[in-house]
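Below is one structure, written out as structure tokens, with a few remarks after it.
The values are calculated or read from the model by the stated rules, or taken from the named source; none is laboratory data. Fair warning: this is a prediction, and the values are worked out from it, not measured in the lab. No Cβ is skipped: glycine too gets one built from the backbone with ideal geometry, and neighbour counts run over all protein chains shown.
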Number of protein chains: 2
Amino acid sequence: MALGSKLYLIILTTFVFGTANAQVNEDSLFIKKISDEILQHGEAYSNLRNLCKSIGQRLSGSAGMYKAEDWGIRTLKNSGAENAYKQECMVPHWVRGKVAYAGFYTKNHDRDPYFAVAALGNSVGTGKNGIKAKIIEIKNFEELNARKNEVKGKIVFYNYPYNKKILGGAYGDAVKYRGGGASAAAKYGAVAVLVRSVTAAHDWNPHTGALRYNDSFPKIPALAISTKHADELNLYLYKQYADADFFIKSNAQMLADTIGHNIIGEIKGSEFPDEIITIGGHLDSWDLGEGAHDDGAGMVQSIEILRVFKALGYKPKRTIRIVLFANEENGLRGGTKYMEEAKAKNEKHIMAMESDGGGETPRGFGCGMTEQQFAKVSQWKSLFTMLDADKFNFSKGGGGGADIGPLQTAFKTAQFGLNTVGNRYFDYHHAATDVFENVHERELHLGAVVMASMVYLVDKYGL
Amino acid sequence: MALGSKLYLIILTTFVFGTANAQVNEDSLFIKKISDEILQHGEAYSNLRNLCKSIGQRLSGSAGMYKAEDWGIRTLKNSGAENAYKQECMVPHWVRGKVAYAGFYTKNHDRDPYFAVAALGNSVGTGKNGIKAKIIEIKNFEELNARKNEVKGKIVFYNYPYNKKILGGAYGDAVKYRGGGASAAAKYGAVAVLVRSVTAAHDWNPHTGALRYNDSFPKIPALAISTKHADELNLYLYKQYADADFFIKSNAQMLADTIGHNIIGEIKGSEFPDEIITIGGHLDSWDLGEGAHDDGAGMVQSIEILRVFKALGYKPKRTIRIVLFANEENGLRGGTKYMEEAKAKNEKHIMAMESDGGGETPRGFGCGMTEQQFAKVSQWKSLFTMLDADKFNFSKGGGGGADIGPLQTAFKTAQFGLNTVGNRYFDYHHAATDVFENVHERELHLGAVVMASMVYLVDKYGL
């Protein structure tokens with residue numbers, strides 16, 4: 001492109017003047033102020049750099065988690081929280097260990113191909129001798145059930161591909177093999193599973209993530225294999241290694257639960273201090289990267305809302321509470337604890353918002369609420385058009401995110417989950433590539449703009 | 001994010017069944033086929049890799065341009081063009097030369113700071129002795145006019161920042177200093193200009209691009225300075241170098257016009273062969289990077305339309321013509337020539353589409369057409385909702401792109417310009433960073449899906 005497009009100017013002009021009535025116009029002007037402030041002076045990006053580069057991974061129970069908790073308190077205070085505190089909750093303490101190995105095992109073992117793997121979160125290890133067994137490739141659960149008699153004593157290799165055809169939901173389609181594949185195979189006597197990484201990327205990085213054991217079956221070790229190596233393994237199995245033994249080793253283990261914390265920062269509401277608006281992301285992250293998109297982005301975007309309100313001199317009518325939730329990835333203990341405390345104190349939660357889809361360009365919200373509430377939110381849609389974030393997806397239950405789900409179950413609290421264009425998030429998700437460098441400053445900040453704008457409207461008008 | 005969102009499944013389900021009438025449903029199913037085919041088997045990305053890595057830059061008149069012309073013929077034929085040919089047109093032949101230097105010049109010149117710069121396209125050089133003069137920093141044209149008496153004999157340094165506050169149009173806002181700054185300064189006797197790079201990035205790369213001399217004033221040399229160095233230069237000018245001489249050198253020069261070509265590939269229409277649908281991107285690129293986003297992306301997306309139609313066995317009713325336009329960047333000779341030939345042959349052009357905003361996630365089209373035509377296009381909007389590309393911006397003139405603009409002027413041909421989310425394009429634009437690695441496969445392919453879908457609808461129903 002050589003010179004500028006006229007269309008851009010049209011967009012710009014309609015931003016302020018495109019809405020008819022005075023109230024909407026006042027809101028439009030304030031949202032433009034939010035946008036200007038964050039896009040010019042936003043600190044979410046530098047806060048994220050600090051988190052990723054001075055702390056990095058922060059899996060539940062790790063030293064990183066405790067450092068990140070302190071970072072959270074500091075950053076919340078610096079950004080305008082009137083008070084910031086820790087809410088204790090027990091969290092699982094799973095450790096990956098140093099060894100994760102998977103390869104063929106023949107007489108000439110030194111020459112056998114081996115593969116980039118990483119233990120799945122919550123997985124047991126193999127013991128120090130590893131596991132040597134035949135390997136069987138399985139495409140999906142239907143095939144597993146059809147071939148259940150062939151599985152006993154073997155390592156099951158789930159090679160279910162990330163479906164590129166699906167517009168938006170390929171992760172949800174594939175993640176069931178990671179979450180439930182181990183127990184499904186153990187039911188038929190498998191001794192371990194290898195799971196093709198659940199990612200949009202075709203790369204050499206194993207992408208980890210939690211599994212959930214079904215207590216009815218033996219707990220067997222589970223490893224993620226990189227997508228490129230899954231393709232290679234598939235080829236080997238149809239060639240010279242068809243009948244070879246396979247060997248895996250992992251010293252992952254689940255230790256005893258330990259103490260973790262939700263990190264909370266608040267501004268008390270000036271008119272309705274008892275009405276609480278909760279906004280958050282999760283503090284824990286997987287241990288292979290820096291948890292930049294997942295979910296450093298959600299934390300710093302949430303915190304930015306405090307900062308922009310302070311910078312613009314906006315005093316919320318209702319209590320704004322930023323929560324950096326403990327243990328979203330492999331237990332959801334933080335979200336659950338936050339709800340339990342709210343219940344015990346009989347708090348009134350009118351809205352909850354979560355950002356846990358990465359720091360990409362925002363497009364709108366998943367809106368989990370009543371039809372009446374959604375009708376009200378829909379009236380604000382035009383205010384989000386010029387942020388190109390007016391895609392509001394309605395659902396009666398869910399729609400917000402994992403950590404704020406318990407609030408909805410307990411109180412029917414209206415949920416907003418930030419949605420993004422989402423073409424890159426699952427490239428990096430749960431892998432060594434989820435690092436600060438893969439987050440784009442403006443995209444991250446636009447997400448904060450959209451979140452702050454919706455919080456402003458709900459704070460002002462209720463829901 | 002630990003596990004999948006239910007919302008994704010909702011989106012997926014509504015894709016096919018969300019539309020009521022049968023015709024729309026048939027189109028919805030065909031567009032899903034286009035989407036499936038391109039997202040799974042698309043060749044746009046590999047074609048782009050080939051272009052960028054085997055040829056790279058292809059500025060008008062350069063050896064790269066001729067290689068890219070042959071690449072275009074080959075790729076069009078491989079992708080299903082029934083015939084592919086070159087349409088000759090004269091193009092400017094500007095060469096950068098090897099030297100581009102800008103720095104202070106004092107008695108201890110070896111220690112003087114110097115800056116990352118690149119000649120602006122079409123700029124004259126300084127001569128072999130360079131130019132030594134005082135430098136004056138100017139923020140904008142208003143300041144230039146106010147201080148016109150201070151400019152004579154000096155180098156004008158335009159330090160107009162890329163405005164982060166602007167949602168979508170910051171490039172259009174800033175590019176006038178690159179395009180017209182040299183002549184505006186020459187009018188008041190300046191001897192050269194340095195222009196802050198027009199980019200969203202804060203980086204060390206100069207971003208080039210065309211200038212246009214006003215023949216009423218002397219042609220003076222013009223260089224782009226990187227944004228980080230523009231900031232540094234600003235600081236130096238307020239410190240120890242306030243009164244120092246400045247020295248620039250560039251051996252850029254404009255050579256005589258040379259022969260170039262529009263590269264054209266066609267499928268004849270089965271019912272209305274005389275009704276022509278033109279789709280294209282531009283073949284030339286700036287010479288600092290590989291022209292990956294600008295505009296390799298537009299070329300390979302356009303070519304992909306032929307491939308997907310062939311793969312799906314779709315026989316267009318109307319003639320589909322893919323055009324790789326010569327010389328968009330510094331002359332627009334290709335777009336002009338294409339219109340002239342169309343006029344000479346009395347061709348009937350019913351629609352033209354251009355992709356020249358980079359290979360980012362698509363959001364819809366700029367639609368330059370009559371209100372009646374836009375009403376028809378708007379009826380198809382729901383078909384683009386599930387591609388998240390239903391943002392149709394109407395304008396009576398323009399709205400499509402530079403290369404197809406002449407067709408509209410000549411024939412009032414309806415224009416479609418692919419629009420994207422656009423947060424990254426101007427990071428790389430016209431710089432050494434516009435390389436293949438900065439294009440994302442799925443984002444590029446989604447653009448091709450959206451383009452092919454609109455072409456299918458216009459081909460089927462007319463406009």
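Details
- Some residue of region B:95-105 being part of a helix (DSSP H, G or I), at pLDDT 95 or above and not acidic (Asp, Glu): no
- Only residues that are aliphatic (A, V, I, L, M), assigned to a helix (DSSP H, G or I) and within 14 Å of chain A (Cβ to nearest Cβ) were counted in region B:439-457, giving 5.
To keep it simple, each residue is scored yes or no on (1) closer than 26 Å to B:Leu444 by Cα; (2) charged (D, E, K, R); (3) in contact with a helix residue (DSSP H, G or I) (Cβ under 7 Å, 6 or more places away or on another chain); (4) assigned by TED's automatic domain parsing to the domain that holds B:Tyr428.
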position: B:Gly334; (1), (2), (3), (4): yes, no, no, yes
position: B:Glu347; (1), (2), (3), (4): no, yes, no, yes
position: B:Lys391; (1), (2), (3), (4): yes, yes, no, yes
position: B:Lys412; (1), (2), (3), (4): no, yes, no, yes
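- Just one of the listed residues (A:Thr319, A:Thr361) is surrounded by 21 or more Cβ atoms within 10 Å (Cβ to Cβ), of a type in the set (Val, Ile, Thr) and farther than 23 Å from A:Glu266 by Cβ, and it is A:Thr361.
- The residues listed here are B:Ala200, B:Ala182, B:Ala224; of these, the one that is touching a residue at least 40 places away in the same chain (Cβ under 8 Å), outside any loop (DSSP other than H, G, I, E, B) and under 21 Å from the mean Cα position of the chain (by Cα) is B:Ala224.
- Candidates are the residues of region A:277-304 that are crowded, with 24+ Cβ neighbours inside 10 Å and aliphatic (A, V, I, L, M); the one that is nearest to A:Ala414 (Cα to Cα) is A:Ile277.
- Taking region A:309-347 as the range and being of a type in the set (S, T, N, Q) and either touching a residue at least 60 places away in the same chain (Cβ under 8 Å) or within 14 Å of chain B (Cβ to nearest Cβ) (or both) as the test, the residues that pass are A:Asn327, A:Asn330, A:Thr336.
- Test: B:Ala81 is hydrophobic (A, V, I, L, M, F, W, C) and closer than 17 Å to B:Trp286 by Cβ: no
- Any hit, region A:60-78, residues being at positive phi, of a type outside the set (Phe, Trp, Tyr), more than 14 Å from chain B (Cβ to nearest Cβ) and surrounded by fewer than 19 Cβ atoms within 10 Å (Cβ to Cβ): no
- The set of residues from region B:152-176 being away from chain A (no Cβ under 12 Å), closer than 20 Å to B:Asp427 by Cβ and aromatic (Phe, Trp, Tyr) comprises just one member, B:Tyr160.
- When region B:380-400 is filtered for residues that are modelled with pLDDT of 95 or more, part of a loop (DSSP other than H, G, I, E, B) and at the interface with chain A (Cβ under 10 Å from one of its Cβ atoms), the ones remaining, listed by number, are B:Leu387, B:Asp388, B:Asp390.
- Lone unmet requirement of (1) more than 30 Å from A:Thr420 (Cβ to Cβ); (2) out of contact with any Pro (no Cβ under 7 Å at 6 or more places or on another chain) for B:Thr319: (2)
- Criterion (crowded, with 24+ Cβ neighbours inside 10 Å, basic (Lys, Arg) and either over 22 Å from A:Glu329 (Cα atoms) or in contact with a helix residue (DSSP H, G or I) (Cβ under 9 Å, 6 or more places away or on another chain) (or both)) met by exactly one of A:Arg212, A:Arg196: A:Arg196
- Scope region B:130-178; condition assigned to a helix (DSSP H, G or I) and buried (at least 20 other Cβ atoms within 10 Å of the Cβ); matching residues: B:Leu144, B:Ala170, B:Tyr171, B:Ala174, B:Val175, B:Tyr177, B:Arg178
- Some residue of region B:93-110 being of a type in the set (Asp, Glu), more than 21 Å from B:Asn330 (Cβ to Cβ) and outside the structural domain of B:Leu211 (by TED's automatic domain parsing): no
- Among the residues making up region B:281-323, a single one is over 25 Å from B:Pro406 (Cα atoms), of a type in the set (Gly, Ala, Ser) and outside any loop (DSSP other than H, G, I, E, B): B:Ala311.
- Residue within region A:296-304 that is within 30 Å of A:Ser197 (Cβ to Cβ) and β-branched (Val, Ile, Thr) present: yes
- Count of region A:433-450 residues which are buried (at least 24 other Cβ atoms within 10 Å of the Cβ) and either of a type in the set (D, E, K, R) or farther than 24 Å from B:Phe426 by Cβ (or both): 1
- Criterion: part of a strand (DSSP E or B), modelled with pLDDT of 95 or more and within 23 Å of the chain's Cα centre (by Cα) - qualifying residue of A:Cys89, A:Cys52: A:Cys89
- Just one of the numbered conditions (1) hydroxyl-bearing (Ser, Thr, Tyr); (2) surrounded by fewer than 22 Cβ atoms within 10 Å (Cβ to Cβ); (3) outside any strand (DSSP E or B) is not true of A:Thr258: (3).
- The residue that is surrounded by the fewest Cβ atoms within 10 Å (Cβ to Cβ), among those in region B:402-432 that are more than 27 Å from A:Gly364 (Cα to Cα) and at the interface with another protein chain (Cβ under 8 Å from one of its Cβ atoms), is B:Ala402.
- Criterion (in contact with a His (Cβ under 9 Å, 6 or more places away or on another chain) and either more than 14 Å from chain A (Cβ to nearest Cβ) or of a type in the set (A, V, I, L, M, F, W, C) (or both)) met by exactly one of B:Ile259, B:Ile264, B:Ile276, B:Ile220: B:Ile276
- Count of region A:348-376 residues which are in a loop (DSSP other than H, G, I, E, B), over 15 Å from the mean Cα position of the chain (by Cα) and within 11 Å of another protein chain (Cβ to nearest Cβ): 1
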